[in-house]
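Colleague: Submitted below is the structure of interest, expressed as structure tokens.
The values are calculated or read from the model by the stated rules, or taken from the named source; none is laboratory data. Owing to the predicted nature of the structure, the values given are computational and were not obtained by experimental measurement. Ideal geometry is used to build each Cβ from the backbone, glycine not excepted, and the neighbour counts take in all protein chains shown. These accessible areas exclude ligands, DNA and RNA; they are computed on the full protein's heavy atoms, side chains included. Shrake-Rupley method; radii C 1.70, N 1.55, O 1.52, S 1.80 Å.
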Amino acid sequence: MAESLRDRTVVVIGRSSGIARAIADSAVSAGARVVVAGRNPEALADAYEGKLRAERVDVTDDASIASLAATLGPVDHLVSTASARARGVLGDLERADVLNSLNTKVLGPLMLAKHFAPQIAEDGSFTLFSGVAAFKPAVGYLGVAITNGAADFLTRCLALELAPIRVNAIAPGVIDTGAWDAMGEEGKQAYFDHFRTHNPARRIGTSQDVADAVLFAMTNPFLTGVTLRVDGGEPLT
């Protein structure tokens, strides 16, 4: 796997921590030239201590996406981890929040594909993100579920349209990132304990678990149109 990424250009869109950070670090370890991109390139550059090229992109802004594509030129692999979650039961959901979720995680990757496709290597790839809620609906996650479901289907559509560029998605389950910190330490621990004792893997996922799946998706030349579920078997329960 390392040799297939050596000296290849990998673009990782997302934050400077959690899953996006694990993907960028893993790609660097595999010998890739990594470019990180997000709404705040200065913060990204600082987080990576200036060791990685950092660029600006807002996946909800087509002009921003087009500008990034023009700035970078040819690339080998593109990964978008950008998300905006619309959590809450039906009665609490606001249209603006659901639209932002879809705009960030579905329309964003769609427009990334449009603007980057002409310059992604034919043996390259585009990896986007779905999520476990697409395969196991739960009360309070309606907005998340329909967004992830759309991202899952988008993956298969793009795999056909962009061929031979490979397009795959990653669907994480409960992963120990900062996404759950708002629950408070006790709330987060109780939430994790529930999933740890109920899913078949009997543990909570890590950012590295997800990063390993992304590198597999980038480097397996016969994998396309697939959503890799890195969820500990949660939908089985």
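Colleague: Would you check if there is a residue in the stretch 46-64 being closer than 28 Å to Tyr141 by Cβ, under 19 Å from the mean Cα position of the chain (by Cα), free of Cβ contacts under 8 Å to residues at least 12 places away in the same chain and not in a helix (DSSP H, G or I)?
Modeller: Yes, the stretch 46-64 has at least one match.
Colleague: If you don't mind, there's one more thing I want to ask. I'm trying to understand the selection: among the residues of the stretch 65-103, which are of a type outside the set (Lys, Arg) and part of a loop (DSSP other than H, G, I, E, B)?
Modeller: Gly73, Pro74, Thr81, Ala82, Ser83, Ala84, Ala86, Val89, Leu93, Glu94
Colleague: In the list Val144, Val139, Val167, which residue meets the criterion of being surrounded by fewer than 19 Cβ atoms within 10 Å (Cβ to Cβ) and either at pLDDT 90 or above or out of contact with any Phe, Trp or Tyr (no Cβ under 6 Å at 6 or more places or on another chain) (or both)?
Modeller: The match here is Val139.
Colleague: Look through Arg33, Arg8, Arg15, Arg21 and report the one residue that is touching a strand residue (DSSP E or B) at 6+ places or on another chain (Cβ under 6 Å) and crowded, with 19+ Cβ neighbours inside 10 Å.
Modeller: Arg8
Colleague: Looking at (1) of a type outside the set (A, V, I, L, M, F, W, C); (2) assigned to a loop (DSSP other than H, G, I, E, B); (3) at pLDDT below 95, which is the one condition that is false for Glu3?
Modeller: Every condition holds for Glu3 apart from (2).
Colleague: Looking at the stretch 186-202, can you tell me whether even one residue there is surrounded by fewer than 20 Cβ atoms within 10 Å (Cβ to Cβ), more than 19 Å from the chain's Cα centre (by Cα), assigned to a helix (DSSP H, G or I) and of a type in the set (Val, Ile, Thr)?
Modeller: yes
Colleague: Examine the stretch 206-221 for a residue that is open to solvent by 50 Å² or more (accessible area, probe 1.4 Å), in contact with a Lys or Arg (Cβ under 9 Å, 6 or more places away or on another chain) and in a helix (DSSP H, G or I), and state whether such a residue exists.
Modeller: Within the stretch 206-221 (the criterion being open to solvent by 50 Å² or more (accessible area, probe 1.4 Å), in contact with a Lys or Arg (Cβ under 9 Å, 6 or more places away or on another chain) and in a helix (DSSP H, G or I)), the answer is no, since none of the residues qualifies.
Colleague: Take the stretch 161-185 and flag every residue that is more than 23 Å from Asn103 (Cβ to Cβ), aliphatic (A, V, I, L, M) and more than 15 Å from the chain's Cα centre (by Cα).
Modeller: The answer is Ala163, Ile165, Met183.
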